[in-house]
1. Mind pulling up the Rg/Rh value for the stretch 60-293? Radius of gyration and Kirkwood radius, both on Cα.
2. So for Tyr267, Tyr114, fewest C-beta neighbours within 10 Å to most, what's the order?
3. Using the alpha-carbon centroid of each, what span in Å lies between the stretch 110-135 and the stretch 257-284?
4. What length, rounded to one decimal in nm, is gained on full extension from Asn168 through to Val290, with 0.36 nm per residue of separation minus their alpha-carbon distance?
5. 7 Å from Cα along Cα→Cβ at both Leu180 and Ala228: what's the point-to-point distance in nm?
Amino acid sequence: MPEQNAQKQKTRFFILAFALSFCVLALMGLIVVFMLNPAESEPSGQVSADTFYLPREEDNLSVLITCQNPDAADGVFFALVRLDILGGHIPVILFPHQVILDAETGYETLFAAYQTGGPQAAAEALSASFSIPIDRYVNADSQDIIDAINRIGAAEYDLDKTLSWDENGIFINLSDGRQLVDGQKFWDILRYPGYQESGLEQCREGAQLIASYINSRLFAFLGQNAEALVSGLLNLVETDLSYLDFESRLPALTFLSKLSGDPAQAYTLTGGWNRDGQFVPDAAAHRQLVQVFS
C-alpha cells in the first residue's frame, strides 16, 4: 500500500509539472507571436473604427461654389455640392446665374446677390429662397479652378458631344467620347459658350462633370497626402471652409467611399425663362431641392 501511494503521488507531480510546462510554453509562444507581428493589431483597430462608424447629421455639409467667368460680363457659375452622409450620396446642382430669388431676400436674382454682397450673400439668399441649408462657400476664378483640378489630379470623363468654339479669343476643341480631363479641359467643358437651352444645358453638363470628377478623385482626399492637398486648396481660393471641416468628416468620407455605386449624383433645375431673361424654377424644382439638398 505505501508503495502504491508513493507511485500515485509521483504520477500527480508528473502531470502537474507537465501541465505547468505546457502553459508556460504556450504563454511564451503568444508573446513571441505578438512581438513579431506588431502591425497586425493596428489594422484591426482601424477596421473597427470604420466598421462601427454611424452616419451623423452633423457630418452633413453643403457648400456653394461660385466661379467668375472672365469670358462673360455677367458670367458666374453657381454650383451647390452637399455631403449627405445620412443619405449616402453627394448631390450636385448648378444654378443659372439669373435664377429668380425670393423677394424677401432683397435680391431679384442670384447674380444680383453675388454682385452686391459676394459669395456669402449669394449663399444666404439661395438658402432663404429655397429653404435649403448652405453651410459654407468657396469663391474662385477660372485660374483657381484650373490649378485646383491639376493639384487634385486628372480624371477620365465621357463627353457626350464635340465641343468646338473659336470666337472672341475663346478657343475650345474637344472631341466627344471618353478622355482624360485636366484643369484646362475641365474649365473648357464648364465654360463652353455653345450650349443650348439658354444656359440650362451648361448647368446640366457642369453638374455631370463635377459629379463625375468627385467620383473619380474622392480617394485623393483619403490618402497620406490629403492634409497637404486640402491645405493647399484652401489657400488657393476665398472660402470660409476650414481644415477642421475636412478633418472632422474624414470618417464620414471614408464610410461614403466604401458604399457601392458612385456617391456623387448630378441634378438639373427645372422651370422656364421669363421675358426678362430670368429663370423661374417650377414647383417640382422647389420640392426636389428640399428633398435632395436638405
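1. Using Cα coordinates only, the ratio equals 0.94.
2. In order of increasing Cβ crowding within 10 Å: Tyr267, Tyr114.
3. Result: 16 Å between the Cα centres.
4. 40.0 nm
5. In this crude spin-label approximation the distance works out to 2.1 nm.
Every read-out reported here was derived from the displayed coordinates using simple, explicitly stated rules and does not represent laboratory data. Computed from a prediction, not measured in an experiment: that's the story for all the values here. Every residue, glycine as well, gets a Cβ built from its backbone with ideal geometry; the counts of neighbours run over all protein chains shown.
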